[in-house]
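Everything on this sheet refers to the single structure shown next.
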Amino acid sequence: MEKLILFIHGLGGTKESFGNFKQFINEDEELSSWDVAFYEYPTSLIHVPYFNKYPKIQSLSKDLEGEINAHFSNYNEIVLVCHSMGGLIAKKYLVDNLEMIKLNEIKVTKVVLYATPNIGSDLAFGVYSFHPQIAQLRKNSDFLEELNKNFISSSISEYIDFNYIIGSLDRVVDRVSASGLWNEGYKEISDKAHMGSNGIAKPRNSKDRTFLDLKQILLENKKISLNRRIKRKELFNNLEPYFNENKSILSIYGPNNDYKYNAESEIAHAWKEKIESCILPNNHKIIDLFEQNYFLLTDREKEEFQIYKVHTKDFNAKHTGKSDFNGQQFPREILNVLRSLNE
């Protein structure tokens, strides 16, 4: 399984903002299955109007999307490790691509935010407000208000595991902003060696909390996998009644009963009525439920579902007079998919 840690630096930073993080990851046997890469973008703490042009976070999030699609689409699991403004770029990218996340087209499973100004920074004011990137980091800026509103309403944390790491001695990004305000779970680093927002994302050695916190996050399987299992069971509970009713109707009225040699029998007419009133509507509801929860399916389950869709389409055409072709028979493998949803 191809796994990637993608680092995203903050305002005025480069990949050097993360110090020896890559080295410590590569040297750790427990993290040997992870590749490491960096996303870099134009930024600086100093902005000279008409001479320096630094793209806003909206543009950078689109660029991040392009970089991931172009260079990292082969990975099955991606963890975004972000420092400062890099976390806002990541969140904007993910919020804008929520539907792709639901369809499992985006492989980001976790986000780690080191000193990210989720609700802004008190230092982003005055002369700095003319800087296009710093202006967006002001508390109550239009950008942050919209991003946070969309982040909360999207319930994106049900699909991706967000982790907040704050520096208790950080004077640039305070505790409330770094923890996201609405987030109750965060890790706090109070070591003076990491004083300031820049130092918190730069581990001194492999025993440093900055590194160990990330390692723990990478290795743990927590709420997101649990939420996924819960949602799969919910899908099973919603699907099972329709499958069971169709099965019962087929058993009682289906063409494999004694009337198959007498198409004019009462039970034959009852079979036709049950198809129209129950089986066809049930099939439609089953398809809708699978499509609404498509992101919960594995690749194999998606393949089996597509075959089932062909069957229901052919079955509908046959029994509504649109075709005399029997078409795809009922794929029993879809019942294995149903069972696996309940595991």
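General remarks:
- Those residues of the stretch 142-165 which are at pLDDT below 90 and more than 22 Å from the chain's Cα centre (by Cα), in sequence order: none
- Only one of LEU147, LEU123 that is in a helix (DSSP H, G or I) and within 25 Å of THR14 (Cβ to Cβ): LEU147
- Residue pairs whose Cβ atoms lie under 7 Å apart, sitting 6 or more positions apart in sequence or on different chains, and linking a residue in the stretch 137-161 that is farther than 20 Å from LEU60 by Cβ and assigned by TED's automatic domain parsing to the domain that holds LEU94 to a partner that is part of a helix (DSSP H, G or I) and basic (Lys, Arg), are TYR159/LYS102; ASP161/LYS223.
Rundown of residues vs (1) within 25 Å of LYS272 (Cα to Cα); (2) surrounded by 14 or more Cβ atoms within 10 Å (Cβ to Cβ); (3) not assigned by TED's automatic domain parsing to the domain that holds ASN246, yes/no style:
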{"site": "HIS284", "(1), (2), (3)": "yes, no, no"}
{"site": "GLN292", "(1), (2), (3)": "no, no, no"}
{"site": "THR312", "(1), (2), (3)": "yes, yes, no"}
{"site": "ASN316", "(1), (2), (3)": "yes, yes, no"}
{"site": "PHE325", "(1), (2), (3)": "yes, no, no"}
{"site": "GLN328", "(1), (2), (3)": "yes, yes, no"}
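- The stretch 61-78, subset of a type in the set (Asp, Glu) and in a helix (DSSP H, G or I), residue nearest to LEU98 (Cα to Cα): GLU65
- Residue count for the stretch 69-92, restricted to those that are within 25 Å of ARG138 (Cβ to Cβ) and either without any contact (Cβ under 8 Å) to a residue 40 or more places away in the chain or among the hydroxyl-bearing types (Ser, Thr, Tyr) (or both): 1
- Residue within the stretch 40-55 that is in the same structural domain as THR109 (by TED's automatic domain parsing), aromatic (Phe, Trp, Tyr) and touching a helix residue (DSSP H, G or I) at 6+ places or on another chain (Cβ under 6 Å) present: yes
- Taken as a whole, the condition of being modelled with pLDDT of 95 or more and out of contact with any strand residue (DSSP E or B) (no Cβ under 7 Å at 6 or more places or on another chain) does not apply to SER44.
- Within the stretch 128-148, the residues that satisfy the criterion of being in contact with a Phe, Trp or Tyr (Cβ under 9 Å, 6 or more places away or on another chain), within 20 Å of LEU45 (Cα to Cα) and of a type outside the set (A, V, I, L, M, F, W, C) are HIS131, PRO132, GLN133, GLN136, ARG138, LYS139.
- Subset of the stretch 9-27 that is surrounded by fewer than 21 Cβ atoms within 10 Å (Cβ to Cβ) and of a type in the set (Gly, Ala, Ser) - its residue that is farthest from VAL79 (Cα to Cα): GLY12
The values are calculated or read from the model by the stated rules, or taken from the named source; none is laboratory data. The structure presented is a predicted model; accordingly, all values stated were derived computationally and were not measured. Cβ: placed from backbone, ideal geometry, glycine included. Neighbour counts: every protein chain shown.
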